[in-house]
Structures are given as structure tokens and as C-alpha cells.
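The values are calculated or read from the model by the stated rules, or taken from the named source; none is laboratory data. Just so we're clear, the structure is a prediction, and the values are computed from it rather than from any experiment. As a convention, Cβ positions derive from the backbone with ideal geometry for all residues, glycine included, and neighbour counts pool all protein chains shown.
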Amino acid sequence: MSFEPRDPTTPPTPGQPPAESSRESPAGTPLPPPNPAHKRQTPLPVSVVHQVQDAVGKLLGRPPHTIRGLQNNIVWREGVQVMRMDLHCHTEVSHDCRTALRDIPGWLLRTNTRVMAVTDHDQFRGGPELQQLVRDLGLDDRLSIICGEEITTSEGELIGLFLQDRIPPKLTPEETVREIKAQGGLVLLQHGFDPLKRYRLRPEATERIKDDIDIVETFNSRLSRHHWNREAARWGEVHGHLPQSAGSDAHTLRDIGEAWVETPFRLIHTPDDLLAALRIGQVAGHWTHPVYAYGRKQWRTFNGQFRREE
């Protein structure tokens, strides 16, 4: 089931430069595709696991692909360059995900997902490592990586964005919120209204910390019913018209970007940058039934053991 923005992608009108132009717009300066002649640093494997996979793949006659020939998919709407933001994604740092960090930048460019929040389960290092990888590839003028964590509190999960360090699990929701705020971060309430989500934040806890929530996730691709996304949107409107976000809750590479906020292109460096982009953005995405999503995850994980996305 898809929920796309209402406005279709419009091709440039006569006199308007093509997508590769560097013309100024209200969204900022649109970026040209990467220069094929520009020498980029090839990232080293990010873990011993990848080195073993690469060695086994070579023995089987399936050498790994490195990130090369990056496709820079630029999208325009009414003369403005737009981008997608996915604020709930997992990587190989999560215990239940095998998405290699080094495969992510190419996929983000391909899907026009210019802003990604790394929110691994009770772990923090994935965000800084992906930020460094993006810098090494010379893509930090095209992609924004937000360091975050999906934190297991004593009453369910919360997401912290723009963190500086790991927040330990099993704190109370109130203590977790204080830790996030102490680091200058934002509190994001994710999949908080689906009763079938095992680790959703309990309703009574949500009520207690409602005044400290900065963002509410109103599109999650992995809920039991899309109805609960609408419930989240209604809750956000009632509680101060909170900024709304979308999260794929991705646990495979190809899941990243399946839920998004579309907004004019800009680099996101600070919490204020993100909140401003969310307030003028449009939430959309593809909802997938969790049973089908689980089967697809297992297949993609198995199929991608010795392959790397280009």
C-alpha cells in the first residue's frame, strides 16, 4: 500500500534548467551529479565480518562490489529541488539487522533519501561511523546523517536524535528523556500507538512525558495496520501540533526510504534544521504488512550475504 505526495514529479518547464543544474532555488543550491573523474576514497570494510564475507565471496567466485558509479537522483517539484528524510533506520550495529554501513550511501543517493537518522537498538556507534563514511566518500554536501538511538526504556522504546553518546537501556522514560535533552537531542515518539508493537511506549508513559516529546512519527512502514499511523497523527495535532516524521523502521538496505518526509533540499546539521524541515514537509511512504515484511527481510538478508549494492 502506497501513500505518495499528491503533487506528481513535474519535469522542468521550458526555460527551466534540467536536474543537473546548479541554479539557486528556495530549497538552496541544487547539487550536480558526482563527477566521475573525481577520485573518491574507497572505504575500508567496517567490520571483521565483512572481511570474512568478502574473502568467502571471492572463493565462491562472487567478489564484493564496492561503491562506485554513484547515481545521484535529483528530484524537482515546481522548480524546487526536494529530498526525502527517513528518521528511523537500523544498520548492522543493531542485533537484528545486517545492513552494511558501507552499502548505505549509494542507496540513499539512488532513492533521493538525503537525510537518514541512524537509530540502532540501544547502540550509538552506527551514526558516527556512517557520518565518517559519508565524509570519506566526499558526499557530505549531498547527504545528512543524524546520530540517534532507539532506546529501550523500562516502559517501551523511545528514539533520541542528535545524540553525542550512547544512552543506556532500562532507564525510566523520564530518565531517558532527561538524558536525551542533556545531550542537546530531540525526543521522537515512534510507533507509539500500535498495540501489537511489542516494544511500543506504554500509553501511561506517553502521557507522562507528552510535554517533552519533540517529534511524533506519523508514518511507520512496519505497523500492524495503517490505522495506527493516523492515530499518531491525530495525537500529534492534539498535543501542540508537533512536527511529524516518517520512519521506514528499516532492517534491510532496500527498506531504507520506504517512509519519508518530502521537503525542499537542505543539509541538516542541527535540531533546529530538522524541525524547520519537518514543519514544511509532507509525510508519505509505503506500508507493508508485518508478516510479509518479515518474510521479505529474511529473503533479502539471505540473498545479500555475499553481495554489495553498488
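For the range 127-151, a residue qualifies if it is within 19 Å of Glu217 (Cβ to Cβ) and touching a helix residue (DSSP H, G or I) at 6+ places or on another chain (Cβ under 9 Å), and the qualifying residues are Ser144, Ile145, Ile146, Cys147, Gly148, Glu149, Ile151.
Kindly indicate whether any position in the range 216-227 is of a type in the set (A, V, I, L, M, F, W, C) and touching a His at 6+ places or on another chain (Cβ under 7 Å).
Going through the range 216-227, the residues of a type in the set (A, V, I, L, M, F, W, C) turn out to be 216, 219, 223.
When the remaining residues are screened for being touching a His at 6+ places or on another chain (Cβ under 7 Å), the result is 223.
Scanning the range 216-227, I find at least one residue that is of a type in the set (A, V, I, L, M, F, W, C) and touching a His at 6+ places or on another chain (Cβ under 7 Å), so the answer is yes.
Just give me the residues in the range 255-275 being part of a helix (DSSP H, G or I), surrounded by fewer than 24 Cβ atoms within 10 Å (Cβ to Cβ) and touching a Ser or Thr at 6+ places or on another chain (Cβ under 9 Å), in sequence order. Working first, answer last.
The initial filter retains those residues of the range 255-275 that are part of a helix (DSSP H, G or I), namely 255, 271-275.
Right, trim to surrounded by fewer than 24 Cβ atoms within 10 Å (Cβ to Cβ) and you get 271-273, 275.
Within the range 255-275, Asp273 is the sole residue that qualifies.
Being under 21 Å from Gly192 (Cβ atoms), surrounded by fewer than 22 Cβ atoms within 10 Å (Cβ to Cβ), aliphatic (A, V, I, L, M) and modelled with pLDDT of 80 or more, is that true of even one residue in the range 284-302? Yes, the range 284-302 contains at least one residue that is under 21 Å from Gly192 (Cβ atoms), surrounded by fewer than 22 Cβ atoms within 10 Å (Cβ to Cβ), aliphatic (A, V, I, L, M) and modelled with pLDDT of 80 or more.
All of (1) under 24 Å from Tyr199 (Cα atoms); (2) surrounded by 22 or more Cβ atoms within 10 Å (Cβ to Cβ); (3) within 16 Å of the chain's Cα centre (by Cα) hold for Leu223 with one exception: (3).
If you go through the range 218-245 and keep only what is touching a residue at least 40 places away in the same chain (Cβ under 8 Å), outside any loop (DSSP other than H, G, I, E, B), of a type in the set (S, T, N, Q) and more than 12 Å from Val187 (Cβ to Cβ), you end up with Thr218, Asn220, Asn229. Screening Arg200 with (1) closer than 23 Å to Ile104 by Cα; (2) touching a His at 6+ places or on another chain (Cβ under 7 Å); (3) among the basic types (Lys, Arg) gives one miss only, at (1).
Listed conditions (1) under 29 Å from His286 (Cβ atoms); (2) surrounded by fewer than 21 Cβ atoms within 10 Å (Cβ to Cβ); (3) touching a Gly at 6+ places or on another chain (Cβ under 8 Å) are all met by Gln164, apart from (1).
Annotation note: Cβ proximity below 9 Å between a residue of the range 83-100 that is closer than 27 Å to Leu275 by Cα and a residue that is of a type in the set (Lys, Arg) and part of a loop (DSSP other than H, G, I, E, B) (sequence gap 6+ or interchain) occurs for Met83/Arg266; Thr91/Arg98; Val93/Arg125. Only a single criterion out of (1) on the phi > 0 side of the Ramachandran plot; (2) of a type in the set (Gly, Ala, Ser); (3) modelled with pLDDT of 95 or more is not satisfied by Gly236, namely (1).
Considering each residue of the range 181-192 in turn, none proves to be at positive phi and more than 20 Å from the chain's Cα centre (by Cα). Listed by position, the helices (runs of 4 or more DSSP H) enclosed by the range 103-217 that each have at least 3 residues that are of a type in the set (Val, Ile, Thr) and modelled with pLDDT of 95 or more are 173-182. Restricting attention to the range 93-102 and to residues that are touching a helix residue (DSSP H, G or I) at 6+ places or on another chain (Cβ under 8 Å) and under 26 Å from Gly192 (Cβ atoms), the residue that is surrounded by the fewest Cβ atoms within 10 Å (Cβ to Cβ) turns out to be Ser94. Filtering the range 129-154 to residues that are over 17 Å from the mean Cα position of the chain (by Cα) and crowded, with 22+ Cβ neighbours inside 10 Å leaves only Thr153.
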